[in-house]
1. For segment 95-138, give me the residue count where each residue is hydroxyl-bearing (Ser, Thr, Tyr) and modelled with pLDDT of 95 or more.
2. For residue 190, only one of the following conditions fails: (1) part of a helix (DSSP H, G or I); (2) at pLDDT 95 or above. What is its number?
3. Right, residue 89: part of a loop (DSSP other than H, G, I, E, B) and either over 17 Å from the mean Cα position of the chain (by Cα) or buried (at least 18 other Cβ atoms within 10 Å of the Cβ) (or both) or not?
4. Taking the condition of being among the acidic types (Asp, Glu) and over 25 Å from residue 107 (Cα atoms), how many residues in segment 157-172 meet it?
5. Exactly one condition in (1) surrounded by fewer than 19 Cβ atoms within 10 Å (Cβ to Cβ); (2) in contact (Cβ under 8 Å) with a residue 24 or more places away in the chain; (3) out of contact with any strand residue (DSSP E or B) (no Cβ under 7 Å at 6 or more places or on another chain) is not met by residue 126; state its number.
6. Hey, residue 121 hits all of (1) surrounded by fewer than 21 Cβ atoms within 10 Å (Cβ to Cβ); (2) assigned to a helix (DSSP H, G or I) but one; which does it fall short on?
Amino acid sequence: MRAFGVKTASLMAFSLCLFMGAECAGDIYRYRDEQGVWHFTNIQTGDTRFRIYIREGQRTPSQYIKKYDGIIGEASRRFGLEPSLVKAVIKAESDFDHEAVSDKGAQGLMQLMPATAADMEVKDAFDPEENIAGGARYLGQLMERFGNNTELAIAAYNAGPEAVQTHGGIPPYEETKTFVQRVLRYYQQFTVGK
């Protein structure tokens, strides 16, 4: 087998992505074996020899929405929510980054705290399907608890239902007030963009 130089290997990986077009979405990993031969993959194999070589390009929100549209639609139907609202929460929480982790430890697309994830029977908060199902289930429970008042449910999603109950409305926390405004803005955009 012939060993390739770094420039040749880079050109080959780039050419492969051009040839495959949209099918070549995702990170590219590589390693060089003892004979100096470069090995490439777009799948995390668990083989620790592979290191990240090319990171997936930043997708637009519409590309992420399309990627998760089926999961969002199914979870929304299951828990009685509008898909536009679930999309708005995901956009505000993680900007559609399924690997997002907040400073407080919230994880995944809908930024589930570990305790909430456990309550919603989510075993892997970084799995988009589980995360969206768990987040939608939780949001559905909040909508029910607060009489389908979207603003209060969104505030409770951010600050917790007890805080909303205690304050008799949106808590006077700057983070929560900003979050509610952002979600409502995205909600309107996603509803209009249907």
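The values are calculated or read from the model by the stated rules, or taken from the named source; none is laboratory data. Just so you know, these numbers come straight off a predicted model, no measurement behind them. Counting neighbours? That spans all protein chains shown, and the Cβs are built from the backbone with ideal geometry, glycine included.
1. 2
2. (2)
3. no
4. Selection size over segment 157-172: 0.
5. Evaluating residue 126 over (1) surrounded by fewer than 19 Cβ atoms within 10 Å (Cβ to Cβ); (2) in contact (Cβ under 8 Å) with a residue 24 or more places away in the chain; (3) out of contact with any strand residue (DSSP E or B) (no Cβ under 7 Å at 6 or more places or on another chain) leaves (3) as the failure.
6. Only one criterion in (1) surrounded by fewer than 21 Cβ atoms within 10 Å (Cβ to Cβ); (2) assigned to a helix (DSSP H, G or I) is unmet by residue 121, namely (2).
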